[in-house]
Amino acid sequence: MFMKNVFRMVLVVAATGIVFASCRKRDAVLPDNYVVFETSSQGITATESSVTVKLKLTGGVSADIPVVLNLTEQGVVYGTDYTTTPAAVAGKVTLTVPSGNNEASFTINKVAGVLYDGDEKIIADIFSSGNPVLIGTIKQFTLSFGELVASAASMTVNGGGATYPNKVFIDLSANRQTGVQRTTWDLGFYTGSEYRVTLNSSLNMMAKQMNKNDLNTVSAADTVGFAADVTFSQTAPTTASLAYIDYPNGDLTRTAVAEVSATATDNKVYIVNRGNGIGTGAANRGWKKIRIIRNAGGGYTLQHADIAATSFTSVDIAKEDATYFKYVSFETGSASVEPQKKKWDLAWTYFANATNFGGGEVPYMFQDIILMNRNVQVAKVLVATKPFDDFAEADIAAQTFLTTQNAIASDWRSGGGPSSAPAVRTDRYYIIKDGDNNYYKVRFTALTQNGERGYPAFESVLVKKG
């Protein structure tokens, strides 16, 4: 009997212990553990070369926890503009929160020598985390790059070589160049208050207005008698041809295509000579007929077709404020050409300039032309007046600044014609005021690279920061 009672007591205690243990386990359940960024945003200043980004767990862990981040780039490219430690693979950074710890970090590093405009960003998102850790509410981090203004820089322009295939846009403050193949576009549509259209001035393009406003009624027969004037000639250019190009100073009231009227019936058909492709002896790109009207959205509608076609293609072009022009190719439609307004100052290109051989101005294609953006001003300084190294902020007020796009043009070089070899003019340099009111002194240092044209070089020095 005694042994039976003892056995019953053991069972009761054991059962009670189980109940107690079960209660303790329920009481010991921990709250969810989350991984979050320490902060949602951060900046990296001009003087910093790297920044460390931290992630934290809301609780400790007793095992290693992997965390994977997705990187999204805005205006920067991995390996070219920045790197990370640890390295990213296919746009992902993998971190480990060590056992017994509650944080991890990674570093974003600027690539040495790269200059930034100030609007670049890297966005990191927490993509996944190892069990039992969940992703918390602060799951995205944005790193903003502070603006850098180059104090001194040099650049060799990548025009592509002796056939000058590229138009190259240059941003002095960022020490950056953007090259675009010249055959990428045909027409530029002004985004300002006026309705103006430009030709691709780097491709011998010309346009002549017809006395018709129905595209389908225009044919190759309408080109009879004017092809000689609506074609570039480097051997016998005529003054009559000047009316069929955009006047090279950038004045939008002197374009080959008249301002697009709000009255649709006033907008005439133009026959366009698309000029030549890239390289000596390149084939003519053919003829097109176009008509441009304003559309209900406040932008443009381009109608275009081959010269003999009996139907046409329509392309709508909306206005926007980021760039001065939006571009269209007859083959591909919308084309990406020039950078945003404050992302370039000068452009190097092959160009439809005007010159006077004694009988009046004629259109004439020039290589190695320097053009200015519409928000840029330039003044020329002769070395005899003030040496390059001596020019300082106090000298700016005495300068006369020009705003025409071809104020520099070929002035920076000499020769290049049949009787003289081209060379950089070393007796002059230029003061450039950019769209952010930074003043630079710029002098050209080379016309060729290893004897080949298409790779000019210059140096720039910041005189006054805007």
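All of the numbers you see were taken from the coordinates with simple rules; none came from a lab. Fair warning: this is a prediction, and the values are worked out from it, not measured in the lab. Backbone-built Cβ (ideal geometry, glycine too); neighbour counts: all protein chains shown.
Annotations
- Sequence-distant residues sharing a close amide H with SER334 (under 5 Å, placed H): SER329
- Helix 2-27 vs. the chain, principal-axis angle (Cα, 0 to 90°, nearest 10): 20 degrees
- For the stretch 333-443, radius of gyration divided by Kirkwood radius, i.e. Rg to Rh on alpha-carbons: 1.00
- Panel order for ILE123, ILE271, ILE370, by other beta carbons found within 10 Å of each beta carbon, from fewest to most: ILE123, ILE271, ILE370.
- The helix-based estimate of mean residue ellipticity at 222 nm for the chain, built from -39,500 (n - 2.57) per DSSP H run of four or more residues and divided by its residue count, is -2000 deg cm²/dmol to the nearest 500.
- Residues whose amide H lies under 5 Å from that of LYS212, counting only those 5 or more places away or on a different chain, are VAL269; hydrogens are built 1.01 Å from N in the peptide plane.
- Shown here for the stretch 325-394: GluC sites (Glu not before Pro) in loop regions (DSSP other than H, G, I, E, B) with at most 16 other Cβ atoms within 10 Å, namely GLU331.
- For GLN405, the residues whose amide H sits under 5 Å from its own are GLY250, ignoring neighbours fewer than 5 places away on the same chain, with H placed 1.01 Å from N.
- Computing Rg/Rh (Cα atoms, Kirkwood Rh) for the structure here picks out one of (1) 0.97; (2) 1.22; (3) 0.95, namely (2).
- Separation of the ASP119 and GLU331 label points, Cα + 7 Å toward Cβ, nm: 3.0 nm
- Nitroxide proxy distance, nm - points 7 Å out along Cα→Cβ at GLU73 and SER50: 1.9 nm
- Whole-Hz ³J(HN,Hα) from phi, Karplus 6.51 cos²θ - 1.76 cosθ + 1.60, for the stretch 439-452, glycine and proline x: 10, 10, 9, 10, 10, 8, 10, 7, 9, 9, 10, 6, x, 9
- Order by protection proxy (mean Cβ within 10 Å, highest first), peptides 87-99, 290-302, 339-351: 339-351, 290-302, 87-99
- Computed E for LYS464/SER62 - FRET, C-beta separation, R0 45 angstrom, nearest 0.05: 0.15
- Summing charges over neighbours of LYS208, with a neighbour being any other residue whose Cβ is under 11 Å away from its Cβ, gives 0 when K and R count +1 and D and E count -1.
- Dipole in debye (nearest 20) - the chain, about Cα centre, beta carbon charges: Lys, Arg +1; Asp, Glu -1: 1000 debye
- Whole-Hz ³J(HN,Hα) from phi, Karplus 6.51 cos²θ - 1.76 cosθ + 1.60, for the stretch 344-351, glycine and proline x: 7, 10, 10, 9, 9, 6, 7, 8
- Cβ-derived FRET efficiency at R0 56 Å, SER151 paired with ASP266, nearest 0.05: 0.60
- Residue-wise HN-Hα couplings along the stretch 317-329, as the Karplus relation 6.51 cos²θ - 1.76 cosθ + 1.60 with θ = phi - 60° gives them from phi, are 10, 7, 7, 8, 9, 5, 10, 7, 9, 10, 10, 9, 9 Hz; Gly and Pro carry x.
- Dipole of the chain computed with +1 at Lys/Arg Cβ and -1 at Asp/Glu Cβ about the Cα centre; of ILE126, TYR430, TRP287, farthest Cα towards the positive end is ILE126.
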